[in-house]
1. List the helices (runs of 4 or more DSSP H) that sit entirely inside region 123-233 and contain at least 2 residues that are at pLDDT 85 or above.
2. Can you name the residue in region 61-81 that is over 25 Å from Leu122 (Cα atoms) and in contact with a helix residue (DSSP H, G or I) (Cβ under 6 Å, 6 or more places away or on another chain) and is also surrounded by the most Cβ atoms within 10 Å (Cβ to Cβ) among such residues?
3. For Ala23, indicate whether it is out of contact with any helix residue (DSSP H, G or I) (no Cβ under 6 Å at 6 or more places or on another chain), surrounded by fewer than 22 Cβ atoms within 10 Å (Cβ to Cβ) and in contact (Cβ under 8 Å) with a residue 24 or more places away in the chain.
4. Identify, please: which residue in region 65-115 is assigned to a helix (DSSP H, G or I) and of a type in the set (Asp, Glu) and is, among those, farthest from Pro144 (Cα to Cα)?
5. Just a yes or no: is a residue in region 82-93 within 21 Å of Thr215 (Cβ to Cβ) and surrounded by fewer than 21 Cβ atoms within 10 Å (Cβ to Cβ)?
Amino acid sequence: MRPITGWLSSSASDRRGMGWAAAGLGTAGLVVGLTVAPADATQGEAYRLLYLHVPTAWAAYLSFFAVVVASIGYLVSGDPRWDRAAQAAAEVGVGLTALTIGIGMVWGRATWGVWWAWDPRLVSTALLLLCYAGYAAARPAGVPPRRLAWWGVAGFALVPVVHFSVVWWRSLHQEATVLQPTSRPPIDPLMFTALLLCLGAATLVAAWLWLRRLTQLERRAGGRRVPEALLLQ
C-alpha cells in the first residue's frame with residue numbers, strides 16, 4: 001500500500017502548492033479564453049462556457065477512473081485504505097458531474113434555446129451521475145465494501161457511453177472538436193491553448209479535492225493520525 005501511504009504523507013504545503021498551480025492555470029486559461037480567443041463562428045460568445053464545461057467533465061472522468069483503480073486495489077488486497085480512496089474519488093466525481101450538467105444546461109439554454117433536451121449525451125451523463133451518486137449513498141446504508149468495489153468498477157462502463165454518445169447516436173450535442181483523427185485539431189490555436197490550460201487546472205483541482213477528502217476519511221477511520229491543521233489547507 002505504498003501509494004496510499006505516499007498520498008497521505010503529502011504535506012500541507014504540497015497541497016497548497018497544487019491549489020496555487022490550479023488557480024494560476026485556471027486564471028490564465030480563462031483570461032485567454034474570455035478575452036483573447038475569438039468568438040466561435042457558430043455559437044458566438046456562448047461557446048466560452050465550454051472552458052468550464054469540458055474541463056469539468058474531463059476531471060469527472062478522471063475521478064471515476066480513480067474509483068476503478070482504487071476499487072481494484074481493494075478487491076486484490078482487501079486493504080480498507082483503497083476503499084476509502086475509492087470513496088473520496090467517487091464523491092469528487094459526483095460533484096464534478098453535477099457541475100458539468102449544470103454548466104451544460106446553461107450552455108444548452110444559450111445555444112439550443114432550452115435548459116434540457118433528451119439528448120444522448122445529456123441522458124447518459126445523467127445516468128452516470130445517478131450511478132455514482134447511488135454508489136456514494138449506498139455506503140452509509142451498509143452495503144459491503146466488496147460489493148461497492150464491484151459497483152465502482154462496473155459503473156465506469158458508462159464513461160465511454162457518455163463520451164462516444166455523440167458519435168453512436170443522432171445528437172444535438174456537438175461532436176468532439178479536439179480528439180479527432182486529423183493531423184491537427186480543427187480549432188483555433190488560441191481556443192486550444194485556453195482549453196488546455198483549463199484542462200490542467202481542472203485536473204489539479206480534482207486531485208486537490210481528492211487528497212483533502214481522503215485525508216479526512218483516513219483521520220475519521222483512525223487508520224492514520226492526521227493533524228487538524230492539514231485538514232484546513
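1. Numbers: elements: 145-155, 158-168, 189-221, 228-231.
In region 123-233, 145-155, 158-168, 189-221 are the helices (runs of 4 or more DSSP H) which contain 2 or more residues that are at pLDDT 85 or above.
2. Applying the first criterion (over 25 Å from Leu122 (Cα atoms)) to region 61-81 yields 69-81.
Add one more test, that the residue is in contact with a helix residue (DSSP H, G or I) (Cβ under 6 Å, 6 or more places away or on another chain), and what stays is 70-71, 73-75, 81.
On the way: Ala70: 27, Ser71: 29, Gly73: 20, Tyr74: 22, Leu75: 16, Arg81: 23.
The selected residue is Ser71.
3. Details: out of contact with any helix residue (DSSP H, G or I) (no Cβ under 6 Å at 6 or more places or on another chain): yes; surrounded by fewer than 22 Cβ atoms within 10 Å (Cβ to Cβ): yes; in contact (Cβ under 8 Å) with a residue 24 or more places away in the chain: yes.
When the stated conditions are applied, Ala23 passes them.
4. Within region 65-115, the first condition is being assigned to a helix (DSSP H, G or I), and the residues that meet it are 65-77, 80-111.
Those still in the list that are of a type in the set (Asp, Glu) too: 83, 91.
Numbers: Asp83: 11, Glu91: 18 Å.
Across region 65-115, the extreme among qualifying residues is Glu91.
5. Going through region 82-93, the residues within 21 Å of Thr215 (Cβ to Cβ) turn out to be 82-93.
Filter once more, keeping what is surrounded by fewer than 21 Cβ atoms within 10 Å (Cβ to Cβ): none.
Within region 82-93, none of the residues are within 21 Å of Thr215 (Cβ to Cβ) and surrounded by fewer than 21 Cβ atoms within 10 Å (Cβ to Cβ).
The values are calculated or read from the model by the stated rules, or taken from the named source; none is laboratory data. As the structure is a prediction and not an experimental result, all values here were calculated from the model. Positions of Cβ are generated from backbone atoms using ideal geometry, with glycine treated the same way; all protein chains shown enter the neighbour counts.
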